[in-house]
1. What's the local net charge at residue B:196, with K and R +1, D and E -1, over the other residues with C-beta under 15 Å away?
2. Exposure proxy check: B:155, A:121, B:21 ranked by fewest other beta carbons within 10 Å?
3. On C-alpha positions alone, give me the angle between the axis of helix B:2-25 and the longest principal axis of chain B, in degrees, nearest 10.
4. For chain B, treating each Cα as an identical point scatterer without solvent, what Debye log10 I(q)/I(0) comes out at q = 0.06, 0.11 1/Å?
5. Round to the nearest 0.05 the FRET efficiency obtained for residue B:382 and residue B:269 when R0 = 25 Å and r is the Cβ-Cβ distance.
6. Can you divide the C-alpha Rg of the stretch B:92-229 by 2.2 N^0.38 Å and report the result to two decimal places?
7. Using the basic label-point model (7 angstrom from Cα toward the beta carbon), what is the residue B:320 to residue A:80 distance in nanometres?
8. Pop a pseudo-label 7 angstrom from the Cα along the beta-carbon direction at both residue B:112 and residue B:216 and give the gap in nm to one decimal.
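What follows is calculated from the coordinates using simple rules that are stated; it is not laboratory data. Being a predicted model, the structure only gives us computed values, none of them experimental. All Cβ positions, even for glycine, are placed from backbone atoms using ideal geometry, and neighbour counts span all protein chains on display.
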Amino acid sequence: MSDATDYGARARHGRLRPGTNERPTGATDGDAGPAASRELCVLVADDDDDFRESLVEVLELLGWRALEARDGDEALALLRRETVDLALLDHRMPRRTGVEVVEALRAEGAALPPIALMSAHRDLVELAAAARLRHYVRKPFGLHELRVIVERIIEAPAPQ
Amino acid sequence: MLHRREAIRGGLRDAHKAWRHLVDTGEIRTELVRSHVARAWRRSRACGSSPLDARIDAIDPVELSRLLEAEADLLAAARPYLAALSRSAGPNRHAVILADAEGRVLDVVGDESSVRGPDAVPGPGALLSERCAGANVIGTPLVEGVYVELDGAEHWLAGFHGFTCQGLPLRGADGAIRGVLGVYLRERLAAARVRDILVCAAKGVEAELIAAQLSLAIENAATGSPCPLETLRQDLVQAHAAARLRIDVAAERSAAGGATIRLISAAERLITRFRRQAILWRELADEGLGFPAPVALHERAATMTDLLRTEAATRHVELMLGRLAPLIVRDDERELARALLRTFLDAMVAAGAGGSVQVEVGPLELSSGYVRLTARTTTGRESLHELRCPGRLGGSR
C-alpha cells in the first residue's frame, strides 16, 4: 500500500459522501451535476491564514464543504480521521510539508483521497512528480481555475 | 437611490447640453461638466478630432500580432482580472477592455452583444488614445494618470454616449504606466457596483506583474546569496494569491447583487502587504549596492518580520513584534535589507526549535538607530542580535 499513488488509492477510497461510508452508486457517479458537487468535502491545508480562509470562502461559494488544517500535522490528523473527496495540500507548511503528509499516509498504508499539491514553487511539476502526485495547483490561482481543477480531479475516471 | 438617480439625470442633461454646445460652437462650457471632463475635452479639441467622427482607427493585423506578442506579460497578468470584472457586471450589458500604454486595445471581454454585436466596443488593435478617439476611459486615464469615470455625453465621441465607463492606469513594477483597464457598462447604476472591484482588480494586475518579475529575478539571483530567496518568494506570493481569490469571490457576489466591501478591503490589504514584501524581497535579490536614502527602519523591521513568518514557522520559532519606535535612517536600502535578513536568520538559529525571537527598533546615541532581536531558547537562554544603523534622520524615543 505504501507505494500507492494518490490516484490509485482514490480508486479504493472512492468518492465518498461526507458523513457516510457509502460509495456512491454508478448512477450518481455519472450524474455528478451541481447537486452531487454540493456534497463534496475538500481539505484545505495551508499555514497562511489569509490564503486558507480565502480558499475556504471560494470552496463554500462553489457549494463544497471545506475542512481546514493550519500545518502538516493537522492535515495528517484530519486525513486519518475524516473522509474527504479531495485534499488541497500546501507544500511549504510548518511541522510537515505537503509531500511529507502524503509520505506519512503511504507509510501507514492508508488509502489516500485525491490530493493536489499547492505551491508557488518554480519546480512544482517536478516536485509533484517526485512525490508521485498527479495533481498540482500553482499559486496564485483563481476561482474558475480552481473549479476546473477540482472538477477534473473529482470526475476523472479511476485507473484500472 | 432616488437622489442618486436624479443627480445622474441632472449630470447627464448638463453633459449632453455641454456636448451639443461643443459640437455647435467648439466652445467648452466648463460650468456644465466635471473638471476632468473639461480638461479632456480641451485636449481632444486641441488634437483636432471631431466629436462626430464615427470611425475609430485601428492598427493592421500584422502590427496587432506583434503588439500582442510584445505585451504578452501584461495580457497574462490581466486575463484573470478581466474575467473577474466581466463576471462582476452580472447580467448587465458590458465590456472590459485592456489597452497598452499607448491606448491600443489588447483584449476585450464582455457579453456577446457588447463584444461582437452591432454596437460592440472597439476590439483589439483599436486606437483609443485621446489623440485618436478624444476623451474616453482608455486614453484619458493615460493622460491624467488616475482613475477616470465618463458618463454618457462626457465622452468625446457620440458612439460612446450609450455607455457609463470607468478606466484606471496600470503601473508596472517600476511605477511606469504599462496600460489601462476600462469597464464599459450600459446600465449606469451597475457602474457604482463595479467601480470598487475595478480599482481592486487594477491593483491585482499590478501585483501580478510584480510577481512575474520576482520569478524572473530569482533566475538571475546570486547562488551564494545568504538568504533563501526562492522560499521567501513563495511565501510572499501567498498574500497575492489570497487577494486574487478574494477578488474572484467579490466578483461573484457583485454579480449576484451581494455585498463586496469586506472582500474588497481584505483584497486591498493583502495586495498592500504583498507589495511591501515584494519591495523588500527585490532589495534582497539585488546583488549590487544601492544608494544611501532615507529608510523607515521600523517599517523595514515589521515587513521583514511579516516576510519571515512562514520561514519562522517551519523552524518552529515564534517571531514577535516588540516596541518599534518610528525611526528614519539614511542607509543603502539593499545593504540594509541583506544585513537585516542575516540578523533575523542568526536570531532564529539561536532561538532554535520551540524558541522565540522578539523584534524591537529604537534610537541610539550618536545619531544612529538599532534593530534588536532577542532570541530565547526553550530553556530560557537569551541572546541579543543587534543591527546598528548610522545616519539617523528622524524619529522619536
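1. Values: positive: B:87, B:193, B:195, B:203, B:246, B:253, B:262, B:269; negative: B:149, B:248, B:252, B:268.
Net local charge, residue B:196 excluded: +4.
2. Working: B:155 28, A:121 21, B:21 14.
Listed from fewest to most nearby Cβ atoms, that is B:21, A:121, B:155.
3. 60 degrees
4. -0.32, -0.86
5. Details: r = 34 Å, r/R0 = 1.36.
Efficiency for this residue pair is about 0.15.
6. On the way: Rg = 17.2 Å, N = 138, 2.2 N^0.38 = 14.3 Å.
Compactness ratio reported: 1.20.
7. 3.1 nm
8. 3.9 nm
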